[in-house]
Structures are given as structure tokens and as C-alpha cells.
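The values are calculated or read from the model by the stated rules, or taken from the named source; none is laboratory data. Keep in mind that this is a model prediction, so the values were computed, not measured. Cβ atoms come from the backbone with ideal geometry, glycine included; neighbour counts cover every protein chain shown. The protein model used for the area step is the full one, side chains on, heavy atoms only, and it has no ligands, DNA or RNA in it. Shrake-Rupley method; radii C 1.70, N 1.55, O 1.52, S 1.80 Å.
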Amino acid sequence: MSDVLKKHELLTPDALEWFWMVPEAGGAVAKTRLRLTAPLDDERTARRVEESRPVGFPNAEFRSFLVAGAGMWFDEHGVRRHEDRLVELTVSSEPLGLSADVSVHHDIWGPFDFRGTPHPDVQRQNAPRLAAALKELDELLGVAAEPGEPTYFGRAEGHGVAEPEVSDGRGPDLTDRL
């Protein structure tokens, strides 16, 4: 999955983050951020994850991890911009099976910026890349993605972000929560 996101320049993995849980302790006992010095599928990465177990909690385990890194987007002039955590990938191995979550944290995917100002050139240069990556992930996994819960900033629709309510040619001003 990270290879697909990397191919579309949405996420170049540079770290893994996860919480260590101890079932009998009732919650997280530690958080680890591991800089990647080898590819995700390299045996050395798996070994480093296991070696990061907190010494004081030998029974600690983790059920999910976040693949962190930077992605690339285009501004209204077509200039390439790099953004940390443009897209995030979380992979979980819960008791019911494996799941993954792709999250976006920017206004470039929709027709308006967070102030409600239209920016169709920004959307036109970025949203198709996200849609192509999500479609490719559907094909890779053999199942259609389910949209996540809506947030204050937007909601998923198909392979992109749904258009918000428009008033006088503007989208909602969401800067009060930035």
C-alpha cells in the first residue's frame, strides 16, 4: 500500500509510529516513533520494531501503526510543494482482521481552501492523483474502500473529497478549527 502512495508522490515513508499496549494494564504504556533506515518490507525494519518493545513491559504488543512521511502537491501555479503528513496510512491487525486507513490533512483535494476561497486549479492538479491512488489501492486489495466518518473539514466521497455546501460562490470558512 505504501508503494502505491509513494508512486503517486502522496506519501514517501520515513517513519513508523505506534503505541505499545499491555492488555492487563488497560491501555497504552508507550509510544514509539521509528525512523526508517530500510524499506518497510525489509526484515531489518521488522527486527527494529520488535527491538523497540519497552524493556519494562515485555508483554507489550501493538495492533496498529502509522506510516508517516511527506507527500508532494502542486500549488495554483503548478509549483511542486512538499508537505509533511500530506497523506497518512494506518494499518491495523485487530482481532477481526487486517484493516487500513488512508487519511488526508489538507485542503488541496477539494474545490475550496479552508477559508472557503475557490481554488479550482489546485484541486485540478491534486485531486486526480489521490483518486488514482485510491482506485489502485482498491485493485491491490481486491475490495472497494469504505469512506471514513465525516469530519468538520470534509467527508470522503468515492475516491475523493465531497464538495461542501456553497454559498455565494464560496465554501465554508473552517479556519476557526485550524
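Being without any contact (Cβ under 8 Å) to a residue 24 or more places away in the chain and over 20 Å from the mean Cα position of the chain (by Cα) is the filter; apply it to segment 1-37 and report the residue that is nearest to Leu134 (Cα to Cα). Checked segment 1-37; the qualifying residue nearest to Leu134 (Cα to Cα) is Thr37.
A quick yes/no check of all residues on (1) surrounded by fewer than 13 Cβ atoms within 10 Å (Cβ to Cβ); (2) out of contact with any helix residue (DSSP H, G or I) (no Cβ under 9 Å at 6 or more places or on another chain); (3) under 20 Å from Ala30 (Cβ atoms); (4) not β-branched (Val, Ile, Thr):
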| site | (1), (2), (3), (4) |
| --- | --- |
| Phe57 | no, no, yes, yes |
| Ala60 | no, no, yes, yes |
| Val67 | no, no, yes, no |
| His77 | yes, no, no, yes |
| His82 | yes, yes, no, yes |
| Arg85 | no, yes, no, yes |
| Glu88 | no, yes, no, yes |
| Glu94 | yes, yes, yes, yes |
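Scanning for something without any contact (Cβ under 8 Å) to a residue 60 or more places away in the chain, among the polar types (S, T, N, Q), closer than 20 Å to Lys6 by Cα and open to solvent by less than 70 Å² (accessible area, probe 1.4 Å), does segment 104-122 turn up at least one residue? No; the residues of segment 104-122 include none that is without any contact (Cβ under 8 Å) to a residue 60 or more places away in the chain, among the polar types (S, T, N, Q), closer than 20 Å to Lys6 by Cα and open to solvent by less than 70 Å² (accessible area, probe 1.4 Å).
Please report, ordered by residue number, the strands (runs of 3 or more DSSP E) entirely within segment 18-104 with at least 3 residues that are within 30 Å of Gln125 (Cα to Cα).
On the way: elements: 27-35, 64-74, 80-84, 87-94, 97-104.
Where strands (runs of 3 or more DSSP E) fall fully within segment 18-104 and carry at least 3 residues being within 30 Å of Gln125 (Cα to Cα), they are 64-74, 80-84, 87-94, 97-104.
Taken over segment 105-125, residues that are in a loop (DSSP other than H, G, I, E, B) and among the hydrophobic types (A, V, I, L, M, F, W, C) amount to 3. Within segment 152-175, the set of residues being surrounded by fewer than 12 Cβ atoms within 10 Å (Cβ to Cβ) and either over 23 Å from the mean Cα position of the chain (by Cα) or of a type in the set (Val, Ile, Thr) (or both) comprises Glu165, Ser167, Asp168, Gly169, Thr175. The C-beta contact set for segment 148-177 (first residue in contact (Cβ under 8 Å) with a residue 24 or more places away in the chain, second residue assigned to a helix (DSSP H, G or I) and not aliphatic (A, V, I, L, M), distance under 7 angstrom, 6+ apart or interchain) comprises Tyr152/Arg177; His159/Lys135.
Per the conditions (1) aromatic (Phe, Trp, Tyr); (2) modelled with pLDDT of 95 or more; (3) farther than 23 Å from Ala133 by Cβ, the sole criterion not satisfied by Phe62 is (2).
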